[in-house]
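K.L.:
So that we are looking at the same thing, I have put the structure below in structure tokens.
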Amino acid sequence: MQRFIQTLGLAVVLVPTLVFAADWRQFRGNDTTAVGDDTPIPTEWSADKNVAWKVPLTGRGLSCPIIIGDRVFVTCCSGYRQDRLHVICFAAKDGKTLWERQFWATGRTGSHPKMSNASSTPASDGKHIFALFSSNDLVCLDLDGNLEWFRGLMVDFPNASNSLGMSSSPIVVGDTLVTQIENDSQSLAVGIDVATGESRWTKERPKRANWTSPAVLRGTKSADDLALLQSSAGMTAVNPRTGAVVFNYDNGASTIPSSTVNGRTVFIPSRGITALQFAEGSANPEILWRGERLNPGTGTPIVYQDSLYFVNNAGVLFCADPKNGDIKWQVRLEGPFSSSLVAAAGHLVAFNEKGVGQVVKLGGEKGEIVSKNDLGETILCTPAIVDGAIYVRSDEHLWKLALPQ
Amino acid sequence: MKHLFYATMVAVGLALTGPDTADAATSVELIRRIQGVGNEGAGHGPAISAVKELSQAPVTTLPEILRAFDTASPLAANWLCGTFETIADRALKQKQLDGRTLEAFVVERKNNAVARRLAYEWLLKVDPTAADRLIPGMLQDASAEFRRDAVARLLTAGTKQLEDGAKEDGAKTLKQALLGAVDDDQVKAIVKPLRDLGETIDLQKHFGFVTHWKLIGPFDNTATKGFDVAYPPEKELKFDAKYRGKDDEVAWTEFATDDEYGTVNLAKALAPHKGAITYATAEFQSPAAQSVEIRLGTPNAWKLWINGELAFARDEYHRGASLDQYKVPVKLQAGRNVLLLKVCQNEQTEEWAQDWKYQLRVCTKSGSAVLSTGVTTSQRNTGDVRVAREGR
């Protein structure tokens, strides 16, 4: 038996990890940039056009779908008290349910009616799913639905809750899951070993309700990657493995839209938008510019094809120069918006709360709204874009929107 | 590389055929390791390996896993749940899931409510007719979800009877439904037609709201600093005493709310003070020592003591208020119990930040009312607020 285990161990070590470049592993994608590739995406859809499949969901949620290889993962909550937690796996090809697992909330499940217990987008390291709920229950499953571990962060930190609900989405950086559970009464960030679910570090954070999600700043090598933690106080860059603070920006920041990263530049929703430039290999940035007229609404800004985009609270899409913050153009979309912009194949996609997906073609002097496509249900999540397909969910359904094969 | 890949798959396949029986721990030991998980990742190492091993166990292990919920923490129960579902899912696909075994576990009321519900939901996958057979008997179950299902059936039936003109039967059915209803949406749906029929329903009593209070305040909470200040009521409950408050001398006053959802509006009962704190105290007579939940709704920061012991404290302001917003498990002693609540208002000026209020009820874990034997909440309109205070 011992020899067998040794053989197996050697074999497992030698097998390369199956990495799908087209994965969309966490909120706003693998690099938290919300940018897909150049595979053509549908620019129009309706009930009978470009809907590859549509499947019902077990429960409510505004968490985003994530895609690992040929599988789509979604979290939901159900029950009058939103205390039933679901993680569902669908086949990307045809929407068939491959498995579903459910758990019971150990923390507070109440929220504003618009939100739900399934507000945070799950994250993945390509081998596991880490599903966080507003009740601070954190489930780790393998891709086949087998339980790896379960944490109740509200059991550990009983006041780390928000009566309106929480929505910060954890991210995987290296082999650490970084999560922010920041509130008025008890506020923390925790770095969790993805293999064991044990905390590598816990940091006290500003005591103020915060719905933003961490972002990743890639280093020259993966060991240099930093986790960016935004809050009302500003933004803190930490070593994801140790939690050690390597940089602190303390000029305040929004508690709703999150920061976005492009290369070594970080765009923080702070006093409008503030761009921080990190020199290669340096963790000490300088302020590149500050645009006080640039005020993102609920959604997180995005950098795509050398432009910075965001939608303000009035539903106006702004395009700005990421080098200096100058506004290039603006166009009014149909709002209101809770979800963030995503981009792929030369287009921006923006879903408003009414379920109208608006596609904006880029490349000309000004963005062109090429279509408005009504799914007929409330959409609060940010879509995922993988291999030319747009995945989006409501409280009731999950759609795959794609051009016919 | 392809050969290596296949070799690995074969090796993995061999490994998944089952644990080495000579080394395998018993299911009892594996469950014990899973039950050992604690706060902040404690016990994860042994539990992770136990889940992997136990997940390979045969379907006949399911009842043992379900029984283990009885002695599992809510955390460990989720680990057991994940293990159960892996085995159950495999058995379902192999058509080996035995509905009779699951049903036997569901109908045994002594079993853990969460485990019973889990078993029930897997039972439905192999026998959808079980709902009709089991749910009607679940009206006053320890599981709020079973109760909800049972109430829903009666609500539908009673509504249909009323629509068909059978008022007497409809009212009878709806009254029966109310006996089990613990969720406010169902209670509202039941109460409205009953009241339309002229029925009198005491929601204070139905939910178990504490309605008779002594109040004292305001104490200073400027810059929210009073939250951590132990003002005199935290040290002594002397109802003839007077203390220096935020602005003037303050003394205890009696207050009984007639709001049917038990809301005590401090901005009206006292005054709409800002940067202020009020203490509220009530007595609760329990016929025996028992575990209950104190359920609180308030948009203000608060602290709650039961018999002088701090049960919970929270300094969140104006992030909404709702029924059962907070659930605080406490143990009541037989006889007299003293509830002390500190309700803190901050100095926000927005219109939506002016609420200074709370509602508090005592109930079981499933949400059904636990009433004080010393005072009845239905006395709210009599003006007799002394009952709750006698003997103090």
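K.L.:
What is the distance in Å between the Cα centroid of segment A:347-405 and that of segment A:130-160?
P.N.:
About 30 Å separates the Cα centre of segment A:347-405 from the one of segment A:130-160.
K.L.:
Next question, about the same structure. Determine the gain in length on full extension of the stretch B:ALA271-B:GLU249; use 0.36 nm per residue of separation and subtract their C-alpha separation, reporting nm with one decimal.
P.N.:
On the way: separation 22, 0.36 × 22 = 7.92 nm, distance 1.47 nm.
Going from the current span to full extension adds 6.5 nm.
K.L.:
Would you please give the residues with an amide H less than 5 Å from that of A:TRP289, counting only those at least 5 places away or on a separate chain, with H modeled from the backbone geometry?
P.N.:
Answer set, sorted by chain and number: A:ALA275.
K.L.:
Another one. Given a cut-off of under 8 Å on Cα pairs at least six residues apart, what relative contact order in percent is computed for segment B:144-201?
P.N.:
Taking the mean separation of contacting Cα pairs over the length of segment B:144-201, I get 34 percent.
K.L.:
Moving on to the next point. Separation between the A:GLU286 and A:THR196 pseudo-spin-labels, each 7 Å from Cα along Cα→Cβ, expressed in nm?
P.N.:
4.3 nm
K.L.:
Round to a whole angstrom and tell me the spacing of the C-alpha centers of segment A:284-324 and segment B:346-375.
P.N.:
Using only Cα atoms, the two centres lie 43 Å from each other.
K.L.:
What is the Cα centroid distance between segment A:78-95 and segment B:161-237, reported in whole angstrom?
P.N.:
33 Å
K.L.:
Roughly how many nanometres apart are two label points built 7 Å out from the Cα toward the Cβ at B:LYS95 and A:LYS323?
P.N.:
6.9 nm
K.L.:
Starting from the amide H of B:GLN285, placed 1.01 Å from N in the peptide plane, find each other amide H under 5 Å away whose residue is 5 or more places distant or on another chain.
P.N.:
B:ASN337, B:THR373, B:GLY374, B:VAL375
K.L.:
Please name whichever of B:LEU97, B:GLY374, B:TYR243 sits farthest to the positive end of the charge dipole of chain B, dipole taken about the Cα centre and charges placed at Cβ: Lys and Arg +1, Asp and Glu -1.
P.N.:
Looking along the dipole axis, the top candidate is B:LEU97.
K.L.:
While we're here: Please find, in a Gaussian network model of chain A (springs between Cα atoms separated by less than 10 Å), the residue of A:ALA189, A:ALA105, A:ALA47 whose mean-square fluctuation is greatest.
P.N.:
In this elastic network of chain A, the residue with the biggest mean-square fluctuation among A:ALA189, A:ALA105, A:ALA47 is A:ALA47.
K.L.:
Show me, for segment A:38-54, the HN-Hα J-couplings you get by feeding each phi into the Karplus relation (A = 6.51, B = -1.76, C = 1.60, θ = phi - 60°), rounded to Hz, glycine and proline as x.
P.N.:
Calculated HN-Hα couplings, in order: 8, 4, x, 10, x, 9, 9, 7, 7, 4, 10, 9, 6, 9, 5, 6, 9 Hz.
K.L.:
Would you be so kind as to list the residues of segment B:60-84 that have their accessible area lowered by at least 30 Å² in the full protein complex compared with their chain by itself (1.4 Å probe)?
P.N.:
B:LEU75, B:ASN78, B:TRP79, B:CYS81, B:GLY82
K.L.:
Of B:ASP185, B:ASP315, B:ASP355, which has the largest mean-square fluctuation in a 10 Å C-alpha GNM of chain B?
P.N.:
B:ASP185
K.L.:
At a 10 angstrom cut-off on C-beta neighbours, averaged per residue, how do the peptides B:127-135, A:179-187 rank from highest to lowest?
P.N.:
On the way: B:127-135: 13.9, A:179-187: 24.1.
By packing density, highest mean first, the sequence is A:179-187, B:127-135.
K.L.:
Another question, then. What residues qualify as long-range amide H neighbours of A:VAL316, i.e. H under 5 Å apart, gap of 5 or more or another chain, H built at 1.01 Å from N?
P.N.:
Answer set, sorted by chain and number: A:LEU333.
K.L.:
Now for a separate question. Roughly what angle does helix B:144-163 make with the longest principal axis of chain B, taking Cα atoms, 0 to 90 degrees, to the nearest 10?
P.N.:
Helix B:144-163 sits at roughly 70 degrees to that axis.
K.L.:
Moving on to the next point. Could you tell me which of rounded, prolate or oblate describes segment B:15-128, using a ≥ b ≥ c as the square roots of the eigenvalues of the alpha-carbon gyration tensor, with rounded for a/c under 1.5 and, failing that, prolate when a/b is larger than b/c and oblate otherwise?
P.N.:
Taking the square roots of the gyration eigenvalues as a ≥ b ≥ c, segment B:15-128 is oblate.
K.L.:
Take the solvent-accessible surface of the protein heavy atoms, probe 1.4 Å, and return the percent of it on segment B:144-201 that carbon and sulfur atoms account for. Write out the running numbers ahead of the final one.
P.N.:
Numbers: 1520 of 2960 Å².
Carbon-and-sulfur percentage of accessible area, whole number: 51.
K.L.:
OK, next. Excluding B:PRO136 itself, calculate the net charge of residues whose Cβ lies under 14 Å from the Cβ of B:PRO136, where each Lys or Arg counts +1 and each Asp or Glu counts -1.
P.N.:
On the way: positive: B:ARG133, B:ARG147, B:ARG148, B:ARG153; negative: B:ASP132, B:ASP141, B:ASP149.
Local charge sum for B:PRO136: +1.
K.L.:
For segment A:180-313, what class follows from the C-alpha gyration tensor (a ≥ b ≥ c being the square roots of its eigenvalues): rounded when a/c is under 1.5, otherwise prolate if a/b is larger than b/c, else oblate?
P.N.:
oblate
K.L.:
Compute the long axis of helix B:74-93 from its Cα atoms, compare it with the longest principal axis of the Cα atoms of chain B, and write down the angle in degrees, 0 to 90, nearest 10.
P.N.:
40 degrees
K.L.:
Then there's this: State, in square angstrom and to the nearest 100, the accessible area buried between chains B and A, both chains counted, probe radius 1.4 Å.
P.N.:
For chain B against chain A, roughly 4100 Å² becomes buried.
K.L.:
Given contacts defined as C-alpha pairs under 8 Å and at least six residues apart, what's the relative contact order of chain A, whole-number percent?
P.N.:
15 percent
K.L.:
How about segment A:105-126: which of its residues lose at least 20 Å² of accessible area in the presence of all protein chains relative to their chain isolated, using a 1.4 Å probe?
P.N.:
A:THR106, A:ARG108
K.L.:
Sticking with this structure for a sec: Calculate, for segment B:144-201, the solvent-accessible area per residue in square angstrom, rolling a 1.4 angstrom probe over the heavy atoms of the protein chains.
P.N.:
51 Å²
K.L.:
Also: Give a residue-ordered list of calculated ³J(HN,Hα) values for segment B:107-113 (Karplus: 6.51 cos²θ - 1.76 cosθ + 1.60, θ = phi - 60°; whole Hz; x for Gly, Pro).
P.N.:
So the Karplus estimates, Gly and Pro as x, are 6, 7, 5, 6, 6, 4, 5 Hz.
K.L.:
Right, here's the next one. Pop out the carbon and sulfur fraction of the accessible area of segment A:115-263 as a percent, whole number, probe 1.4 Å. Numbers along the way, then the final one.
P.N.:
Details: 1790 of 3810 Å².
The nonpolar share, carbon plus sulfur, comes to 47 percent.
K.L.:
For chain A, report the accessible area per residue in Å² (1.4 Å probe, heavy atoms, rounded to an integer).
P.N.:
I get 36 Å² per residue for this part.
K.L.:
Might you report the magnitude of the Cβ-based charge dipole of chain B about its Cα centre, with Lys and Arg at +1 and Asp and Glu at -1, to the nearest 20 debye? Each step should come with its number before you reach the end.
P.N.:
Values: 50 positive and 52 negative charges, 88 e Å.
For this selection, approximately 420 debye.
K.L.:
Next question, about the same structure. What is the sum of charges around A:ARG25, taking Lys and Arg as +1, Asp and Glu as -1, for the other residues whose C-beta is under 11 Å from the C-beta of A:ARG25?
P.N.:
With Lys, Arg at +1 and Asp, Glu at -1, the neighbours total -1.
K.L.:
Here is a follow-up. Pairs of alpha-carbon atoms within less than 8 angstrom and 6+ residues apart define the contacts here; what relative contact order does segment B:207-389 have, in percent?
P.N.:
It rounds to 31 percent for segment B:207-389.
K.L.:
For segment A:313-363, give the percent of accessible area contributed by carbon and sulfur heavy atoms, probe 1.4 Å, rounded to a whole number.
P.N.:
C and S atoms contribute 47 percent here.
K.L.:
Expressed as an acute angle from 0 to 90° and rounded to the nearest 10, what is the orientation of the C-alpha long axis of helix B:184-196 relative to the principal long axis of chain B?
P.N.:
Once rounded, one gets 60 degrees.
K.L.:
Give me the residues in segment B:86-101 whose solvent-accessible area, probe 1.4 Å, is reduced by at least 50 Å² once all protein chains are included instead of the chain isolated.
P.N.:
B:THR86
K.L.:
Report ³J(HN,Hα) in whole Hz for each residue of segment B:368-374, in order, from the Karplus equation J = 6.51 cos²θ - 1.76 cosθ + 1.60 where θ = phi - 60°; Gly and Pro get x.
P.N.:
With coefficients 6.51, -1.76 and 1.60, one gets 7, 4, 10, 9, 5, 7, x Hz.
K.L.:
Counting only helical runs of four or more DSSP H residues, what would the 222 nm mean residue ellipticity of chain B come to if each run contributes -39,500 (n - 2.57) and the total is spread over all its residues?
P.N.:
-11000 deg cm²/dmol
The values are calculated or read from the model by the stated rules, or taken from the named source; none is laboratory data. In this text, all values refer to a predicted model and were calculated from it rather than measured experimentally. Because the Cβ atoms are built from the backbone with ideal geometry, glycine has one as well, and the counts that use them run over all protein chains shown. Accessible surface is based on the protein model in full, side chains and every heavy atom, while ligands, DNA and RNA are left aside. Shrake-Rupley method; radii C 1.70, N 1.55, O 1.52, S 1.80 Å.
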